[in-house]
Amino acid sequence: MARLNVNPTRMELSKLKKKLSSARRGHKLLKDKRDELMRQFMILIKENRQLRTEVEAAISEANRYMAVAGSVMQREVLETALMLPKQEVELEVSEKNVMSVYIPEFKPKYRSGDTNDIYSYGMAFTSIDLDGAVSALSSVFPKMIRLAEVEKACQLMADEIEKTRRRVNALEHIMIPDYEETIKFITMKLSENERSTTTSLMKVKDMVLKQSHNFH
Amino acid sequence: MYKAAVIGDSASVSGFAALGLSVFRETEPEKITKLISRLAANEFAVIYITEPAAALVRDTINKYRSSKLPSIVLIPAIEGNTGEGVRALHEAVEKAVGSDILN
């Protein structure tokens with residue numbers, strides 16, 4: 001470990017001691033932060049996984065319907081049927097603070113009050129499979145919104161955990177040992193100085209006594 | 001108010017139009033890249049993108065990973081599930097924990 005480049009004085013010693021104690025406190029706090037972040041992250045990951053499985057299953061089902069609809073209807077008719085949607089969705093975005101990570105929250109707002117009012121076409125010229133596809137998508141949509149929320153939260157928290165872990169490691173393995181070593185160095189140097197002063201004083205005393213009293 | 005968008009090939013994303021999401025039928029990498037940055041700047045909070053389309057513009061998607069908005073979510077296309085979406089989850093775990101502990 002590298003000793004810091006400072007003068008071995010009492011002033012520096014007391015400064016370093018203060019720095020060491022705040023580094024230790026910071027280390028403890030960051031470690032707690034990391035542990036709590038990790039706990040929250042694991043909960044989110046679990047939810048994320050569950051949601052993803054459900055959403056993927058529902059979308060695959062909708063896609064199957066869509067494939068059938070596409071084969072029994074003409075492409076143009078299918079596109080026309082979906083061209084002018086009745087429903088319109090907007091998102092209200094708010095923020096949640098989890099251990100100083102700001103994660104977004106989405107709340108869907110529908111234009112028409114009736115969320116089942118989703119079929120933008122007459123039933124006469126479209127296949128029933130198209131209805132199946134649209135209804136499957138519509139029923140999974142709240143989960144898709146939640147998935148977007150959770151997925152973003154997971155990404156942001158993973159970043160924050162990584163950062164916090166680096167900080168904890170830097171404090172634990174570099175800063176604190178450096179401070180400790182420098183403090184030890186200054187303490188040694190100071191006591192060495194003290195000893196040297198004491199011996200030279202003894203020597204001077206001897207010389208003075210010798211001169212004044214001719215004392216052997 | 002923020003909006004939600006869906007990007008992908010026509011067959012996979014048409015259904016979402018009925019729900020009132022903004023649907024963009026794009027399959028070329030350059031166009032998707034441009035589209036994503038335009039959407040991000042224009043108050044789109046959530047972008048759903050099909051897995052094959054996402055595979056074409058992976059760098060662009062990674063760029064938005066650490067920003068708060070938009071949230072880009074991968075969804076399976078009509079050809080089936082490629083597992084790309086789950087992989088992103090594993091990457092996040094690996095980044096946070098140091099190793100992939102999900103399996």
All but one of (1) more than 10 Å from chain B (Cβ to nearest Cβ); (2) part of a helix (DSSP H, G or I); (3) modelled with pLDDT under 90 hold for A:Ala133; which doesn't? (1)
Going through segment B:50-69 one residue at a time, which ones are buried (at least 23 other Cβ atoms within 10 Å of the Cβ) and within 11 Å of chain A (Cβ to nearest Cβ)? B:Thr50
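Could you pull out the residue among B:Ile78, B:Ile47, B:Ile72 that is more than 12 Å from the chain's Cα centre (by Cα) and within 11 Å of chain A (Cβ to nearest Cβ)? Quick ask: steps written out before the conclusion?
Details: B:Ile47 fails: more than 12 Å from the chain's Cα centre (by Cα); B:Ile72 fails: more than 12 Å from the chain's Cα centre (by Cα).
Result: B:Ile78 is the single residue among B:Ile78, B:Ile47, B:Ile72 that is more than 12 Å from the chain's Cα centre (by Cα) and within 11 Å of chain A (Cβ to nearest Cβ).
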It is to be established whether one or more residues within segment A:68-86 are more than 8 Å from chain B (Cβ to nearest Cβ), modelled with pLDDT of 75 or more, buried (at least 21 other Cβ atoms within 10 Å of the Cβ) and more than 24 Å from the chain's Cα centre (by Cα). yes
Looking at (1) loosely packed, with under 12 Cβ neighbours inside 10 Å; (2) touching a residue at least 24 places away in the same chain (Cβ under 8 Å), find the lone condition where A:Lys184 falls short. (2)
Give B:Ala4, B:Ala88, B:Ala92, B:Ala41 a once-over and let me know the one that is facing chain A (nearest Cβ under 9 Å) and more than 14 Å from the chain's Cα centre (by Cα). B:Ala92
If you take the residues of segment B:16-30 that are part of a helix (DSSP H, G or I) and in contact with a strand residue (DSSP E or B) (Cβ under 9 Å, 6 or more places away or on another chain), which of them is farthest from B:Ala54 (Cα to Cα)? B:Ala17
Of the residues that make up segment B:25-37, is at least one within 11 Å of chain A (Cβ to nearest Cβ) and in contact with a helix residue (DSSP H, G or I) (Cβ under 7 Å, 6 or more places away or on another chain)? yes
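The values are calculated or read from the model by the stated rules, or taken from the named source; none is laboratory data. On a predicted model such as this, the values are computed, not experimentally measured, just so you know. For neighbour counting, all protein chains shown are included, and Cβ atoms are generated from backbone atoms with ideal geometry for every residue, glycine included.
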